[in-house]
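Shown next, in structure tokens, is the structure this report addresses.
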């Protein structure tokens, strides 16, 4: 596919802003709603922001690395950008939908491209009961927290707490505990991407917990439901020689 209308968006850092000015001058600049493709300049954090910000625009996003971490980004090169975009491989990412209920009865919904995580708010460890598709799977997990992640997000927070890196086409979600105390040897689970996870907080008044969907935090939750929302598809473009699937495989062999 040949893209002629490009929208450039960039992080606030000097390298990203300088690249934005150079690329817009060379290739022109369109508003995201009028563009055929969005080029995001920054690191993985900014790419995540762009995916959320332009989720409703329904055009593919091509990231170029002008930040600190670039797992989701392509190499930066100002030359032959239109040709690169035309050759790029496309992946569709489906976000997780979180529905969190707070101690005062409020329900909050949010979307996560990477993961939904539950984290203790105080010195007290969290106590969590786990349900999958309505069936109780663990009566009590004592831990600092737990997360559910997508394949695209499996190399982010999930990897840092020793969760598995998932191929993008694996059709599974990873559930990974954060500093599990009991059961001490439980390392998490792989679930079908169709699964609905419900996390019930035990002794929530004594052991308060926050729920975070990527960048949106909800404090003092008592119940959190997580499922993949396949009605929302975000298209991401990667150079064919260094696409997302290859990056996920390569990440597992990094020293």
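The values are calculated or read from the model by the stated rules, or taken from the named source; none is laboratory data. Note that this is a predicted model, so its numbers are computed, not measured. Cβ placement follows ideal geometry from the backbone for every residue including glycine, while neighbour counts extend to all protein chains displayed.
Scanning region 1-57 for residues that are surrounded by 15 or more Cβ atoms within 10 Å (Cβ to Cβ), touching a residue at least 60 places away in the same chain (Cβ under 8 Å) and part of a loop (DSSP other than H, G, I, E, B) turns up 3, 55.
Considering region 80-184, the qualifying strands (runs of 3 or more DSSP E), each wholly inside and each with 2 or more residues that are under 22 Å from the mean Cα position of the chain (by Cα), run over 89-93, 96-102, 107-112, 115-120, 126-132, 145-149, 172-178.
Being surrounded by 18 or more Cβ atoms within 10 Å (Cβ to Cβ) and outside the structural domain of residue 162 (by TED's automatic domain parsing) narrows it down to one of 126, 88, 100, so name that one.
Details: 126 fails: outside the structural domain of residue 162 (by TED's automatic domain parsing); 100 fails: outside the structural domain of residue 162 (by TED's automatic domain parsing).
When all the criteria are applied, what remains is 88.
Among the candidates 182, 120, 129, 87, which residue alone is touching a residue at least 12 places away in the same chain (Cβ under 8 Å) and either in contact with a helix residue (DSSP H, G or I) (Cβ under 7 Å, 6 or more places away or on another chain) or under 21 Å from residue 252 (Cα atoms) (or both)? If you could, list the steps in order and put the result at the bottom.
Numbers: 182 fails: either in contact with a helix residue (DSSP H, G or I) (Cβ under 7 Å, 6 or more places away or on another chain) or under 21 Å from residue 252 (Cα atoms) (or both); 120 fails: either in contact with a helix residue (DSSP H, G or I) (Cβ under 7 Å, 6 or more places away or on another chain) or under 21 Å from residue 252 (Cα atoms) (or both); 129 fails: either in contact with a helix residue (DSSP H, G or I) (Cβ under 7 Å, 6 or more places away or on another chain) or under 21 Å from residue 252 (Cα atoms) (or both).
Result: 87 is the single residue among 182, 120, 129, 87 that is touching a residue at least 12 places away in the same chain (Cβ under 8 Å) and either in contact with a helix residue (DSSP H, G or I) (Cβ under 7 Å, 6 or more places away or on another chain) or under 21 Å from residue 252 (Cα atoms) (or both).
Among the candidates 247, 185, the residue that is surrounded by fewer than 19 Cβ atoms within 10 Å (Cβ to Cβ), farther than 30 Å from residue 85 by Cα and modelled with pLDDT under 95 is uniquely 185.
Counting residues in region 203-223 that are over 17 Å from the mean Cα position of the chain (by Cα), farther than 28 Å from residue 108 by Cβ, touching a residue at least 40 places away in the same chain (Cβ under 8 Å) and in a loop (DSSP other than H, G, I, E, B) gives zero.
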